[in-house]
Amino acid sequence: QKEVEQNSGPLSVPEGAIASLNCTYSDRGSQSFFWYRQYSGKSPELIMSIYSNGDKEDGRFTAQLNKASQYVSLLIRDSQPSDSATYLCAAVTAGNQFYFGTGTSLTVIP
Amino acid sequence: DTAVSQTPKYLVTQMGNDKSIKCEQNLGHDTMYWYKQDSKKFLKIMFSYNNKELIINETVPNRFSPKSPDKAHLNLHINSLELGDSAVYFCASSQDYWDRGFHGYTFGSGTRLTVV
């Protein structure tokens with residue numbers, strides 16, 4: 001079992017819809033979580049971090065964390081074609097081990 | 001101003017050759033890293049350097065040798081390249097090793113290595 005699991009997709013949503021990206025992690029002691037966006041041929045770019053249970057909102061992005069279920073999600077509201085990318089989830093354990101998932105490919109259809 | 005820069009962006013070379021990738025960061029960070037991203041987009045840590053000192057060396061063949069002349073630079077030299085070394089290599093940095101757990105990494109633009 002990988003430390004961080006994501007559905008590889010591809011996930012397709014129409015423009016203006018909500019895109020929902022999900023991630024589970026195996027180390028119950030994980031303390032912090034990140035979402036990176038990676039456009040094709042580019043480097044990963046940090047878009048959200050979350051440390052506490054609940055929701056954290058930043059513009060059109062909302063990260064959700066449920067430590068009891070070991071589950072992290074990213075919601076993108078009013079999806080735009082420019083949101084089309086691979087989204088990488090990452091978790092950091094109590095021992096500062098940093099693990100990435102394999103990413104979910106998102107396509108927003110105009 | 002590019003925060004973390006890598007050269008070259010593309011590298012095509014034959015099996016058995018030796019090649020180097022250079023990385024520089026102007027963020028004033030203490031810790032730098034090399035990551036390998038395979039064709040399935042999986043990012044795997046290779047090395048971590050804190051203030052020029054190697055702190056983490058994952059299970060990487062000893063054909064890979066990182067060198068850090070100062071805390072702003074981290075280079076990767078690869079000997080006797082193999083087909084399986086084909087991947088995208090990312091340099092990254094963080095304020096310090098523990099800070100990456102709070103603020104994540106800043107990645108360089110990547111070097112796509114193709115071994116033929």
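The values are calculated or read from the model by the stated rules, or taken from the named source; none is laboratory data. Worth saying up front: this structure is predicted, and the values here are computed from it rather than measured. Cβ sites come from the backbone with ideal geometry, for glycine too, and all protein chains shown count toward neighbours.
Across the stretch B:13-38, the number of residues qualifying as in contact with a strand residue (DSSP E or B) (Cβ under 6 Å, 6 or more places away or on another chain), farther than 12 Å from B:LEU74 by Cβ and polar (S, T, N, Q) comes to 2.
Residues checked against (1) within 24 Å of B:PHE90 (Cα to Cα); (2) surrounded by 15 or more Cβ atoms within 10 Å (Cβ to Cβ); (3) touching a strand residue (DSSP E or B) at 6+ places or on another chain (Cβ under 7 Å):
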{"position": "A:GLN6", "(1), (2), (3)": "yes, yes, yes"}
{"position": "A:VAL13", "(1), (2), (3)": "no, yes, yes"}
{"position": "A:TYR25", "(1), (2), (3)": "yes, yes, yes"}
{"position": "A:SER43", "(1), (2), (3)": "yes, yes, yes"}
{"position": "A:ASN53", "(1), (2), (3)": "no, no, yes"}
{"position": "A:GLY59", "(1), (2), (3)": "no, no, no"}
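Residues that are within 11 Å of another protein chain (Cβ to nearest Cβ), among the charged types (D, E, K, R) and not in a loop (DSSP other than H, G, I, E, B) within the stretch B:39-59 comprise just one, B:LYS44.
From the list A:VAL108, A:VAL92, A:VAL72, the lone residue that is under 12 Å from A:TYR25 (Cβ atoms), modelled with pLDDT of 95 or more and surrounded by 20 or more Cβ atoms within 10 Å (Cβ to Cβ) is A:VAL72.
If we scan the stretch B:89-99, do we find a residue that is over 17 Å from A:GLY41 (Cα atoms), within 14 Å of chain A (Cβ to nearest Cβ) and assigned to a strand (DSSP E or B)?
Residues of the stretch B:89-99 that are over 17 Å from A:GLY41 (Cα atoms), as a first pass: B:93-99.
With the extra rule that they be within 14 Å of chain A (Cβ to nearest Cβ), the set shrinks to B:93-99.
Remaining after also requiring assigned to a strand (DSSP E or B): B:93-94.
Within the stretch B:89-99 (the criterion being over 17 Å from A:GLY41 (Cα atoms), within 14 Å of chain A (Cβ to nearest Cβ) and assigned to a strand (DSSP E or B)), the answer is yes, since at least one residue qualifies.
Looking only at residues of the stretch A:46-98 that are part of a loop (DSSP other than H, G, I, E, B) and aliphatic (A, V, I, L, M), we find that the one that is nearest to the other protein chains (Cβ to nearest Cβ) is A:ALA94.
Name the residues in the stretch B:16-38 that are charged (D, E, K, R) and either assigned to a strand (DSSP E or B) or within 11 Å of chain A (Cβ to nearest Cβ) (or both), would you? The answer is B:LYS19, B:LYS22, B:GLU24, B:LYS36, B:ASP38. Contact annotation: residue pairs with Cβ atoms under 6 Å, 6 or more positions apart or on different chains, pairing a residue in the stretch A:99-110 that is within 23 Å of B:MET46 (Cα to Cα) and at the interface with chain B (Cβ under 8 Å from one of its Cβ atoms) with a partner that is buried (at least 19 other Cβ atoms within 10 Å of the Cβ) and of a type in the set (Ser, Thr, Tyr), are A:GLY103/A:THR86. Selection of first residues in the stretch A:25-45 that are more than 8 Å from every other protein chain (Cβ to nearest Cβ) and of second residues that are in a loop (DSSP other than H, G, I, E, B) and loosely packed, with under 13 Cβ neighbours inside 10 Å, restricted to Cβ pairs under 6 Å at least 6 apart or on distinct chains, gives the following pairs, ordered by first then second residue: A:SER26/A:GLN1; A:GLY29/A:ALA94.
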